[in-house]
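The values are calculated or read from the model by the stated rules, or taken from the named source; none is laboratory data. What you are looking at is a predicted structure, and each value in this text was computed from that prediction instead of being measured. Ideal geometry is used to build each Cβ from the backbone, glycine not excepted, and the neighbour counts take in all protein chains shown. With ligands, DNA and RNA removed, areas are computed over all heavy atoms of the protein, side chains included. Shrake-Rupley method; radii C 1.70, N 1.55, O 1.52, S 1.80 Å.
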Amino acid sequence: AMLEPDSSGLSLTIARIVQRLRGSSLHSQLERQARVSLHKPEIKLESLKEDIKDFLRTSGWEKKLQNAVYSELNVFPWPCHPAAPPEHMKEPLAYMRKAQGSWEKRILKSLNSMCTELGIPLAQKRPVSEQKELLNKWNEMGTDEPDLSLFRPVYAPKDFLEVLMNLRNPNYENGEQPSFRNHLGLIQVPLKVKDIPELKEDFSELGLTVGQLGIDDSAQVPPEFFENDHVRVGQKVLAEQDSAAAQQYVRQGCPTALRADLWALILNISNQPEDILYYEQLKSNVIQHNLLVDSLIYKDVKLTASNDDYYFVFEDYLYQVLLCFSRDTSVLEHFTYSSATPPKSYIQGKLGMEEFAVFYPPNGVIPFHGFSMYVAPLCFLYHEPPKLYQIFREMYVRFFFRLHSISSHPSGIVSLCLLFETLLQTHLPQLFYHLREIGAQPLRISFKWMVRAFSGYLATDQLLLLWDRILGYNSLEILAVLAAAVFAFRAVNLMEVTSLAAAEAVLADLSTLKVMPLLQIFLFATVT
């Protein structure tokens, strides 16, 4: 389904994938295997090419290559027209690029003014004594209680929402968009979002007649039958080691015991020795240099995960993963298909001289309030830091970056907000108008859930069932659908509130919600 017939696009895609895999460790492993195979008796000179192909197929290397190609197709967007400028791959709409640019300037200004106020450089080498100390307490950084009272998050989701509310398409002066004029939400840009019939089609595997993990009693299929069978199929999918099959499989949910391996297979993470070595290099970089963002990361973990009943036990994992992440220059690659641009900083005294510019932080990502909650749920699944790290990095460059950058992408936060508002306005108009009248615009409440992909709001078992579907559908749209479903579920109580504070109170605790029944009822039982 991912390959479109357009042949010029296809050849461009093939060329790009070949070029990207050429430099990978998989390429050198395949070469090494092919050389080894030359010494095997079943490889004949007269049929050399075919015999080597057969060998790579039977020894599982062909599967690994397939998974790598599939992974590339999932992550990188379909190439634009050959003549399109490269910024179109980042974001096709100029006004979105511009808005993202000025938002980045604001973030950077906030970061720089904190530096100046606190008299702290963006980066400095740690004295040897401090390096030793950090190395010794690497696995218990949480015991440290530095004074972070002067540090504040660079921004919080509500600051970002204000920016999105002010987005306008300059081609439509004073709201003259015909089909859009009746949209009464906070988001005022005309993007195409799906309606319920389209969502039903996209998410057909969530239908009422399909077996689901996370549904206790579907009348059609007794849950224990479905579960035992689903586990058997899951073990088979893992044995086959096929990423595409795994992605299809998790649309119906992952059995708890198989989830970690299935997610790793979908994300094409195999935790090779070179990956562990890479992680160790990042760690030594953390030990040697102190960055201002380290204090921001530290403070964020203290403000969020450390106070969370589910996640406080993982505090030390979170520091390790996030500190290493900030040093990881391979993350810069995702900026080719993200509307964002990594911030630059200049070596002291060389302001504006490009040859003295460095990306800051080295991965190009400035953490905001709640960022550590992207990592926290993954700690339930992965207990070795290098593997946990790779899974998180891959989840970030596939999905999470879209939740805090301004773009027109269907999985981008702007589209998610618009989808959420449109679903409510269309299917729960009374509730929508009521909340709007009392100054409790629904998006003001749901925005933080979506920006965090519901992490820290749902019970963990429910969150993992939700993230199964993000991976299964390679899309974040389900976040907007769930947000609307939560409002639908609490509609009766919400119709009685008379203020934003009261509406927030009704929706303050989502920890008892069951994700799958909510999604099913909203998508498949709503009259359209």
Kindly establish whether Lys44 is out of contact with any Leu (no Cβ under 6 Å at 6 or more places or on another chain), over 30 Å from Ile391 (Cβ atoms) and among the charged types (D, E, K, R).
yes
Criterion: open to solvent by less than 30 Å² (accessible area, probe 1.4 Å) and among the small types (Gly, Ala, Ser) - qualifying residue of Ala485, Ala505:
Ala485
Tell me yes or no: at least one residue of the stretch 202-212 is under 24 Å from the mean Cα position of the chain (by Cα), at pLDDT 90 or above and under 30 Å from Leu167 (Cβ atoms).
yes
Filter the helices (runs of 4 or more DSSP H) completely within the stretch 47-130 down to those with at least 1 residues that are among the acidic types (Asp, Glu) and within 27 Å of the chain's Cα centre (by Cα).
61-75, 87-90, 94-118
Under 8 Å between Cβ atoms, which residue pairs at least 6 apart in sequence (or on different chains) link something in the stretch 491-514 that is farther than 17 Å from Gly439 by Cα with a partner that is open to solvent by 80 Å² or more (accessible area, probe 1.4 Å) and not aliphatic (A, V, I, L, M)?
Leu513/Phe489; Lys514/Asp216
Over the stretch 376-385, the set of residues open to solvent by less than 20 Å² (accessible area, probe 1.4 Å) and touching a residue at least 60 places away in the same chain (Cβ under 8 Å) is Ala376, Pro377, Cys379, Tyr382
Screening Arg22, Arg35 for residues that are exposed (fewer than 12 other Cβ atoms within 10 Å of the Cβ), without any contact (Cβ under 8 Å) to a residue 12 or more places away in the chain, out of contact with any Pro (no Cβ under 8 Å at 6 or more places or on another chain) and over 28 Å from Val331 (Cβ atoms) leaves only Arg35
Filter the stretch 1-25 down to residues that are assigned to a loop (DSSP other than H, G, I, E, B) and at pLDDT below 75 and give me whichever is nearest to Ile276 (Cα to Cα).
Gly23
Screening Pro410, Pro367 for residues that are farther than 24 Å from Val189 by Cβ and either polar (S, T, N, Q) or not in a helix (DSSP H, G or I) (or both) leaves only Pro367
Let me spell it out: the conditions are (1) over 19 Å from the mean Cα position of the chain (by Cα); (2) open to solvent by 10 Å² or more (accessible area, probe 1.4 Å); (3) under 30 Å from Leu186 (Cβ atoms); (4) among the charged types (D, E, K, R), and Glu354 meets all of them except one. Which number is the exception?
(3)
Which one of the conditions (1) loosely packed, with under 14 Cβ neighbours inside 10 Å; (2) of a type outside the set (Gly, Ala, Ser); (3) in contact with a Leu (Cβ under 9 Å, 6 or more places away or on another chain) does Val128 fail to meet, given that it meets all the rest?
(3)
Which residue, of Phe335, Phe325, Phe371, Phe392, is within 22 Å of Arg106 (Cβ to Cβ), of a type in the set (Phe, Trp, Tyr) and surrounded by 20 or more Cβ atoms within 10 Å (Cβ to Cβ)?
Phe371
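Per-residue answers, yes or no, for (1) without any contact (Cβ under 8 Å) to a residue 24 or more places away in the chain; (2) more than 22 Å from Thr460 (Cα to Cα); (3) not in a helix (DSSP H, G or I):
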{"residue": "Asp229", "(1), (2), (3)": "yes, yes, no"}
{"residue": "Ala245", "(1), (2), (3)": "yes, yes, no"}
{"residue": "Val250", "(1), (2), (3)": "no, no, no"}
{"residue": "Cys254", "(1), (2), (3)": "no, no, yes"}
{"residue": "Ala257", "(1), (2), (3)": "no, no, no"}
{"residue": "Ile269", "(1), (2), (3)": "no, yes, yes"}
How about the stretch 164-201: which of its residues are open to solvent by 70 Å² or more (accessible area, probe 1.4 Å), part of a loop (DSSP other than H, G, I, E, B) and either β-branched (Val, Ile, Thr) or modelled with pLDDT under 75 (or both)?
Tyr172, Glu176, Arg181, Asn182
Return the residues of the stretch 119-157 that are in contact with a strand residue (DSSP E or B) (Cβ under 8 Å, 6 or more places away or on another chain) and within 18 Å of Tyr360 (Cα to Cα); say none if nothing qualifies.
Leu122, Ala123, Gln124, Lys125, Arg126
